[in-house]
Amino acid sequence: MRKKVLGEEELQAAAATMMELNDRAAEAVRPFEPSAVTDVTGFGLFGHAHEMAERSGVCIVLDPASFPALPGALAVARRGLRTGGDLRNREFVAGAARIEGLPEELGTLGFDPQTAGGLLISLPAEKGAVLEAAFADAGLPLARIGQVVEGSGLALA
């Protein structure tokens, strides 16, 4: 049984985004010598941020208000619809992520296992504005969603 949870316009936007490869973004970020880069796939945004923080010995603080979302994604999340990997990803970061107070729909987006997500990039703050300009010039989407601070784990601003 197939559920129709998105309109045609939202479905087309999602499909177009999922078909976009990360190769152009990877090429655009390479000259900036980032501290870390990972593609957001099966572990979702929170899982990949957790892994990046743990392996780098830092704390990554994400700002949920700045999370980009595909058209219709928040509406679907508000309806309580979850993907199969949502629970596994929540278990994966349990105890390592401080996400208290996060609206459930943003948690759903953060734990959603992407099959074709974008890149999570960490680089020194002073390079941020130039990276944003380079991505804009290349017609690539980019959102500043957090920062790296001393400490460990994953937290929310």
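What follows draws every value from the coordinates through simple rules; no lab data is involved. Model, not experiment: these values are computed from the prediction. Backbone-built Cβ (ideal geometry, glycine too); neighbour counts: all protein chains shown.
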Cα centroid separation - region 1-77 against region 100-155, whole Å: 8
For the chain, built as a Gaussian network whose Cα springs stay under 10 Å, the top-fluctuating residue of Pro64, Pro124, Pro31: Pro31
Can you say what percent of the DSSP beta bridges in region 21-157, counting only those with both residues inside, are antiparallel? Round to 5. 55
Per DSSP H run of at least 4 residues, take -39500 (n - 2.57); add these up for the chain, divide by its residues and hand me the 222 nm value, nearest 500 deg cm²/dmol. -11500 deg cm²/dmol
At a threshold of 8 angstrom on Cα-Cα distance, excluding pairs fewer than six apart, so keeping six or more, what relative contact order does the chain reach in percent? 43
Could you sort 101-108, 18-25, 43-50 so that the peptide with the highest average Cβ count within 10 Å comes first and the rest follow in order? 43-50, 101-108, 18-25
Given the options Val76, Val58, Val130, state which has the largest fluctuation in a GNM of the chain using a 10 Å cut-off (strictly under) for Cα springs. Val130
With a 10 Å cut-off between alpha carbons and a GNM built on the chain, which of Arg78, Arg88, Arg30 moves the most? Arg30
